[in-house]
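The values are calculated or read from the model by the stated rules, or taken from the named source; none is laboratory data. Given the structure is predicted, the values throughout are model-derived calculations rather than measurements. Ideal geometry is used to build each Cβ from the backbone, glycine not excepted, and the neighbour counts take in all protein chains shown.
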Amino acid sequence: QVQLVESGGGLVQAGGSLRLSCAASGSISSIHAMGWYRQAPGKQLELVAGITSDSRTNYADSVKGRFTISRDNSKNTVYLQMYSLKPEDTAVYYCKLTVTRGVYWGQGTQVTVSS
């Protein structure tokens, strides 16, 4: 059983910052990648940022230069540092863990950016 616990969401004004955390626990074997996705009301789920086991990263064009993904392998935790937040960043953010045996998702954390 693998569990992902997300934290760090909230309400922030445009231009502000937030840091999301996602801690994985349980029967974790080999972690291939971790990432963050988001879903805004009425929109499809989209990739925000991902990081592989060897720390290669990729970002959605809309967040490049504003968001940074990182991971702490000793804690099985992935972070998403978000700067210069915009109202269009408002969404539920989900953590995704890819391991040898499959894919796991967090429960989601709400990020709301007011204008």
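Identify the single condition in (1) modelled with pLDDT of 95 or more; (2) in a strand (DSSP E or B) that A33 does not satisfy, given that it satisfies every other one. Here A33 clears every test but (1). Looking at segment 32-74, which of the residues that are in contact (Cβ under 8 Å) with a residue 24 or more places away in the chain and of a type in the set (S, T, Y) is surrounded by the fewest Cβ atoms within 10 Å (Cβ to Cβ)? That would be S62. Within segment 80-102, the set of residues being surrounded by fewer than 18 Cβ atoms within 10 Å (Cβ to Cβ), modelled with pLDDT of 95 or more and not charged (D, E, K, R) comprises Q81, Y83, S84, P87. Screening R56, R19 for residues that are under 15 Å from Y83 (Cα atoms) and among the basic types (K, R) leaves exactly one candidate, R19.
Within segment 49-68, the only residue that satisfies the criterion of being part of a strand (DSSP E or B) and in contact with a helix residue (DSSP H, G or I) (Cβ under 9 Å, 6 or more places away or on another chain) is F67.
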